[in-house]
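J.: Please read through the structure below; I'll follow up with questions.
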Amino acid sequence: MNEKSTTEMTDEEAELIDTWIYVLLASNENEPIRGRIRFIKEYFLMAIEDLPEVFSAAQFYPYHFGPYSTRLGVRMNALKKDKKIIAVYKSKDWQYSLTPKELDTAREIMKRVDEKLLQKISNIKSRNKGLSLKVLLRDIYQFYPEYASRSIIASDVLFEKVDPKDLIIVDDSDLVAKDSNIENVKLTKKEAEKLKELINS
């Protein structure tokens, strides 16, 4: 587990991260993923058990809402800028999917991926789309407690009864570190309280 993450990466690492962004987004017939936090957590779940090279390239580390990857955030932003990812603001949050052209590319990639792994990724996406972020984070914190170590909401998520119908929507796009050393990114007390309010609203 990384304690810090850098935005600098090799072309091979960037390509590897992008490849699996495509696979995750393309699964379940390009069904959009709602919210950046949800996307990053689903990518984490996809990579941590079955894709060690992808997991290593992404450099996940514990952060305010559990596992986060600055590199993944940077690559998502680059793909959005290049108009390869569609980001549509709908139902109070951004929804991410691939353009038709990139979906064709993703389908070609998926032909080379083991069917069992594709099914597992499909299941991750299907299961989590109906969960509130609280429930999704609670599951991650319970199975991967080391990624709750810097969370500002761990106690709320782990010890509070959560209604799965209570869809919590937060976009953490502003949390991509501008500095390559994530340890330099600090929240003020006021900012932390605001983020807690958002995820508990």
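The values are calculated or read from the model by the stated rules, or taken from the named source; none is laboratory data. Because the structure is a prediction, the values reported are computed rather than measured. FYI the Cβ positions are ideal-geometry reconstructions off the backbone, even for glycines, and counts take in every protein chain you see.
Let's see how each residue does on (1) at pLDDT 95 or above; (2) out of contact with any strand residue (DSSP E or B) (no Cβ under 8 Å at 6 or more places or on another chain); (3) among the β-branched types (V, I, T):
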| residue | (1), (2), (3) |
| --- | --- |
| K4 | no, no, no |
| T7 | no, yes, yes |
| I17 | yes, yes, yes |
| I21 | yes, no, yes |
| P67 | no, no, no |
| R75 | yes, yes, no |
| L79 | yes, no, no |
| Y96 | yes, no, no |
| E102 | yes, no, no |
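J.: Return the pair list, or none, for Cβ contacts closer than 7 Å from residues in segment 54-79 that are farther than 14 Å from M9 by Cα to residues that are of a type in the set (D, E) and assigned to a helix (DSSP H, G or I), at least 6 apart or on different chains.
T.: Note: pairs meeting the criteria are P62/E146; L79/D18.
J.: Every residue in segment 61-116 that is under 18 Å from K129 (Cα atoms) and among the charged types (D, E, K, R), please.
T.: K90, K92, D93, listed by residue number.
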